[in-house]
Amino acid sequence: MEISVVVPVYGCPEALPELHRRIVKTCEEMNVEFEIVLVDDHDGKGSWEEVEKIAVSDTRVKAIHFAKNFGQDRALAAGITVASGNWIVTMDCDLQDAPENIPLLYNKAVSEKLDVVFVRRQKRKDSAIVQLMSKQYHKMFSYLSELPFDYELGTYLIASSKATDYYKRSSGRGKDYTMFLLWLGLKHDFVELEHETRFAGKSSYTLRKKLKYGIDAIVTFSNRLLYIPLYIGALASVIALAYIIYVLVLYFAGIEQPEGWSTIIAFVCFFGGLLLDTLGIIGIYIGNLLDIAKNKTEYVIQDKINCD
């Protein structure tokens, strides 16, 4: 098997027949042996029924149906696990990633002997607010993780089996596939492609989901969060020492001082909140370690079609 195209499916049943048609047409024109892996993330909107129809009519399609919603990163992990290609292409199901660009990614990876080719999405079809939030988040993520990650990168990419084997062996929460491959540091490059208009459906990522996903990703790839309270505590100690010296100077100078109850309460509330934030950050890291120690399953598969 030369190419496996892995697609997590959520909330876009109308796009699946067209997605299948365009992937098949593109790969057949490349004249390579290929397979398509569709992973239904249990959206409850009829996606599995469409995936099932496609897999029954085309044995080159491997279909996986989750028992409940586990998230896009788990769906990608499941698809990559059953994929058998020398090269694995990952993409979204809403056709904002054009399947016709697969030959471009494949030829660049093979000709330049790369392990990963990432796609930078130009002219993203997201709202201005979403793009602004994405830019700010990825700037913060890049600083905390020390990875040069920008908001134009998505799940559309091609990776060698060597790169995906490292991903399969990793464990823990927040396994963002694109970030993981970038973190590996294997030989890679980028291509710039225009972001297509969504064929059907709408994004399922609410603000709450995005925040949770972002926190999991940062905790997985960075320990810098643990240092932030340390730096703030050190700065607060310096300020407190300076304030003590200021009070002593006023006392020995015989200058009457205000009572300062509001200042004390403000300091107590501020540092109380800081302590709780610190405990929360530590708790997230410990939770990650606990999940790994318990060897808890990442996802549960309810049905499979054309999978060994």
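The values are calculated or read from the model by the stated rules, or taken from the named source; none is laboratory data. Just so it is clear, the structure is predicted and the values come from calculations on it, not from any experiment. When we count neighbours, we look across all protein chains shown, and the Cβ atoms used for this are built from the backbone with ideal geometry, even at glycine. Remember, those area values only see protein heavy atoms, side chains included, never the ligands or the DNA or RNA. Shrake-Rupley method; radii C 1.70, N 1.55, O 1.52, S 1.80 Å.
Of note:
- Among the residues listed as V249, V219, the single one being surrounded by 12 or more Cβ atoms within 10 Å (Cβ to Cβ) and either at pLDDT 70 or above or among the β-branched types (V, I, T) (or both): V219
- Every pair of residues 6+ apart whose Cβ atoms lie under 8 Å, when the first sits in segment 11-32 and is more than 10 Å from C93 (Cα to Cα) while the second is open to solvent by 10 Å² or more (accessible area, probe 1.4 Å) and among the charged types (D, E, K, R): P17/E50; R22/E100; V24/D58; V24/R60; T26/E100; V32/E2
- For beta carbons closer than 7 Å, sequence separation of 6+ or different chains, a first residue in segment 39-52 that is free of Cβ contacts under 8 Å to residues at least 60 places away in the same chain and a second that is hydroxyl-bearing (S, T, Y) and surrounded by 15 or more Cβ atoms within 10 Å (Cβ to Cβ), the qualifying pairs are D40/S47; D41/Y10; S47/Y10.
- In segment 112-128, residue modelled with the highest pLDDT [restricted to those that are open to solvent by 30 Å² or more (accessible area, probe 1.4 Å) and under 18 Å from T155 (Cβ atoms)]: R120
- If you filter segment 153-188 down to residues that are hydroxyl-bearing (S, T, Y) and either over 16 Å from G79 (Cα atoms) or over 16 Å from the mean Cα position of the chain (by Cα) (or both), you find that the one that is modelled with the highest pLDDT is S160.
- First in segment 167-183 and assigned to a helix (DSSP H, G or I), second anywhere and at pLDDT 75 or above and open to solvent by 30 Å² or more (accessible area, probe 1.4 Å), Cβ under 9 Å, 6 or more apart: Y167/L184; K168/T81; Y177/Q72; F180/Y166; L181/Y166; L181/H188; L182/H188
- For F141, the conditions (1) aromatic (F, W, Y); (2) in contact with a Phe, Trp or Tyr (Cβ under 7 Å, 6 or more places away or on another chain); (3) at pLDDT 70 or above are fulfilled apart from (3).
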